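Notes follow once the structure below has been shown.
Any read-out appearing in this document is the output of simple, stated calculations on the displayed coordinates, not a laboratory observation. A quick note: this is a predicted structure, and the numbers were derived from the prediction, not measured. Neighbour counts are summed over all protein chains in view; Cβ atoms, including those assigned to glycine, are modelled from backbone coordinates with ideal geometry.
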Amino acid sequence: MDMRKSRSESGASPLDGGSGRHHDWDSKRRRKMAEISQALSVTPVDVATLRRMAISEGGLLSDEIRRKVWPKLLNVQMDNLPEKPGEELRVNNKDYNQVLLDVRRSLRRFPPGMPDEQREGLQEELIDIILHVLQRNPQLHYYQGYHDIVVTFLLVVGERLATILVEKLSTHHLRDFMDPTMDNTKHILNYLMPIIDRVNPEVHDFMQQAEVGTIFALSWLITWFGHVLSDFRHVVRLYDFFLACHPLMPIYFAAVIVLYREEEVLECECDMASVHHLLSQIPQDLPYELLISRAGDLFVQFPPSELAREAAAQQEERTAASTFKDFELASTQQRPDTVLRRRRKEQVVAGREPGAVPKVAAGVVAVVRPRARRFVRLAVMGLTVALGAAALAVVNTALEWAPKLDLQLFP
Amino acid sequence: MESSVELSSSLPPPRSRIFKIIVIGDSGVGKTCLTYRFCAGKFPDKTEATIGVDFREKVIEIDGEKIKVQLWDTAGQERFRKSMVQHYYRNVHAIVFVYDITNAVSFQSLPAWIEECRQHSLGQDVPRILVGNKCDLRGAARVSTDVAQKFADSHSMPLFETSAKSPGDNDHVEAIFMTVAHKLKSQKPLALSQPPSGDGTVPLKKPTEDRGGYSCSC
């Protein structure tokens, strides 16, 4: 299993800066590793810090660290690893044929240069993990793309640990994708356009006029970008981020990618095919750290509870987000974003420059009521600076953003 | 829907015609390979499961007219087509049904696919063809040409058996899609206008008499 080691442990700066910056990154990296070790060594484990590490620049740095931290982020106990499944797993399984078909042709998910024999062994393990989770959770339904997520866990943590991590993930983050139908998945996609609208109404209107829909982002969402990114290091970096965040974070990240490409989008011919084609071809050289931080900012400024009504209006059904309520990773962190809930749309419109990329400070100014809330604004910005904007997105519980939190936070 | 009046004030100049063709069928029958073969001219070395809908296009020339052929390659798994893919059935000019000649189930699924199209108000007016793929595996065939031809006849579709993989069939895949394009071009422009709406009750406007029938050139 040596291939796991070398995959995503490059010591290079995520900023790809010059040598001076490289040196900076080396010392930052060392500091970060120490902080992670510290958070892992205390009892109980300091999950809040691990979350922050997973979100902040560089993520969890190496697969060795991921093997220790991912289970904590998912609140999984490692003392009860499943036994190797037997042959009976593949008999009479309604999804077996589809899983087999999808896994057999998922060659691109494995490191180039891996010997066929090794890859084939891993593919068999991949099939076993998927079938094992499905068998133990008959309420879950396999979807094409699920295998793209599972393979990432397999390559990083190995078969046995991957099985329990994936099981937990499937009953939580991925739960909506695994319903009998994709109605909830569609509903989650409905969050995309409202987010884009808040930041850049021009791009939003252009996409609406093109009637492009949101299916271009479907594979991004339901594979956590595992299906569309060719560099495995980028995939695991995103998984660090998503594992530490609210289950809807991937849709914020999708919005950030679209917004990052605003110029290309607006220059595109305004029809469904052209825009779908442009957006579905994801550039491979995206500045991931920047986009992660922006996605975190957007989540804080426009939390799901804010967008829920608009998203629901896009199709007349109400669904999805409520299923996240039972998410077990309740964080004890404060939620400065709750104070932002009351901003009115007009204020946003007045406060944003057309075409501008959102900066967290500007966004916060725009969304807070001018006078009465000024003290709140300062408090939020203080936290932003202290934690790094994206870390605010750590507010990962989907528990209702109860009004009383405002009082607790700012009595 | 948001209004976007200000954006539509300056319409672009008339462009080359676009033929929008949707490719459907069970998972693993080779929809991606067929569309890739037509648009890129070669068999892709690695294809993966299609998630949602992929888009490919190719500009062809018929009688001196440049025409853009857009192929919408859809996911085969049933759950995708139930709630995801219907957006892409809109304004479709032709439908390509694909099955795998070595996989009887993929052939037995065809009535469900046809019904699916019917529900999206894509009726007899929209040209449809049936493609039996993977002919390079003739030895492992599970669907005979006779049976497939009968089925195609009963639904008034031409049948093509081909292989997206076999080099000998390079021109064949091209010919199949070109046949569809010729058929579309020969229709009155009216036939290429959009269906009135997607409520499923208004039938496609029938163009004037459909001349020439369907010429299957392969």
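Structure values in brief
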| item | result |
| --- | --- |
| Principal axis dimensions, largest first and in whole angstrom, of segment A:87-171 by Cα | 38, 23, 22 |
| Relative exposure of A:Ile195, A:Ile36, judged by other C-beta atoms within 10 Å (fewest first) | A:Ile36, A:Ile195 |
| Förster radius 45 Å - calculated FRET efficiency between B:Asp63 and A:Glu263, Cβ distance, rounded to 0.05 | 0.75 |
| Shielding score for B:54-61, defined as the mean number of other chain Cβ atoms within 10 Å | 3 |
| Cα centroid separation - segment A:230-249 against segment A:160-225, whole Å | 14 Å |
| Mean Cα-pair separation over length for segment A:87-171, i.e. relative contact order, pairs under 8 Å, 6 or more apart, % | 34 percent |
| Amide H partners (placed H, <5 Å) of B:Asp100, local residues excluded | B:Ser106, B:Phe107, B:Asn133 |
| Alpha-carbon gyration tensor eigenvalues x 5, square-rooted, for segment B:93-139, Å | 23, 12, 5 |
| Cβ-based exposure ranking for B:Val131, A:Val47, B:Val59, B:Val69, in which fewest neighbours within 10 Å come first | B:Val59, A:Val47, B:Val69, B:Val131 |
| FRET efficiency, A:Leu89 to A:His23 (Cβ-Cβ, R0 41 Å, nearest 0.05) | 0.20 |
| Extension gain from A:Leu286 to A:Ala34, taking 0.36 nm per residue of separation minus the Cα-Cα distance | 87.9 nm |
| Equivalent ellipsoid, segment A:183-321 (semi-axes from 5 times Cα gyration tensor eigenvalues, Å) | 20, 19, 14 |
| Ranked A:Arg136, A:Arg67, B:Arg81, A:Arg309, criterion: other C-beta atoms within 10 Å, fewest first | A:Arg309, A:Arg136, A:Arg67, B:Arg81 |
| Gained length - A:Ala48 relative to A:Asp116, 0.36 nm times residue gap less alpha-carbon distance | 20.4 nm |
| Average other protein chain Cβ within 10 Å of Cβ, residues B:42-52 | 6 |
| Too-long pairs where the Cα-Cα distance tops 26 Å, listed order kept, from A:Lys94/A:Lys168; A:Lys186/B:Lys134; A:Lys28/A:Lys68 | A:Lys186/B:Lys134 |
| Size-normalised alpha-carbon gyration radius of segment B:27-132, reference 2.2 N^0.38 Å | 1.09 |
